[in-house]
Amino acid sequence: MTTADAQLAAFRRSIDNIDAALIHILAERFRITQAVGEYKAEHDLPPADPAREERQITRLRALATESGLDPEFSEKFLRFVIDEVIHHHERIRDAD
Ligand SMILES: O=C(O)C(=O)C[C@]1(C(=O)O)C=C[C@@H](O)C=C1
């Protein structure tokens, strides 16, 4: 193995650890949003709350900018996650 190969392998070990952390964090987020979906279905609350989403996006865009992450990417990522959560909420509501 060359020095360059060893360096790339070291970078990739770090990437693999970060990816694992992301999966654990997402799993935890979806675990709690599952409970939120059940709560909303029980209390006849709508699956989506656009005002709450607006506040989350504003907050995360600011955090992204502070952290050197592209705020556009952060918003797209959060939108993608929230849209999936809303689908889960709808499925829970429709199963009731
Ligand atoms: O906070 C809620 O009401 C949720 O259902 C959670 C969540 C989210 O995933 O963050 C999902 C859907 C709503 O539109 C807003 C936020």
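Once fully extended, how much extra length lies between A27 and E66, figured as 0.36 nm per residue of separation less the alpha-carbon to alpha-carbon distance?
Full-extension gain reported as 11.5 nm.
Using the heavy atoms of the protein chains and a 1.4 angstrom probe, tell me the accessible area per residue for the chain in square angstrom.
I get 78 Å² per residue for the chain.
Which whole-number percentage describes the relative contact order of the stretch 3-95, with Cα contacts under 8 Å and a sequence gap of 6 or more?
So the answer I get is 35 percent.
If each residue of separation counts as 0.36 nm, what is the full-extension length gain between E54 and T3 once their alpha-carbon separation is subtracted?
13.6 nm
Helix-only mean residue ellipticity at 222 nm, the chain, DSSP H runs n ≥ 4 weighted -39,500 (n - 2.57), per residue, nearest 500. What is it?
After summing the helix terms and dividing by the residues of the chain, the value is -31000 deg cm²/dmol.
With everything on Cα atoms, drop me the angle between helix 3-42 and the longest principal axis of the chain, reported from 0 to 90° to the nearest 10.
The answer is roughly 10 degrees.
Quick check: the angle from helix 71-95's long axis to the longest principal axis of the chain, C-alpha only, nearest 10 degrees?
Computed tilt is about 40 degrees.
Share of the stretch 3-95's accessible area from carbon and sulfur, percent, 1.4 Å?
Summing carbon and sulfur atoms, their accessible area is 60 percent of the total for the stretch 3-95.
Taking 0.36 nm per residue of sequence separation and subtracting the Cα-Cα distance, how much length would be gained by fully extending the chain between E84 and Y39, in nm to one decimal?
14.5 nm
In the calculated pair distance distribution of the stretch 3-95, what percentage of Cα-Cα distances lie above 15 Å?
Looking at the stretch 3-95, the distances longer than 15 Å represent 70 percent of pairs.
The values are calculated or read from the model by the stated rules, or taken from the named source; none is laboratory data. If you're wondering where the values come from, they're calculated on a predicted model, not measured in any experiment. Accessible surface is based on the protein model in full, side chains and every heavy atom, while ligands, DNA and RNA are left aside. Shrake-Rupley method; radii C 1.70, N 1.55, O 1.52, S 1.80 Å.
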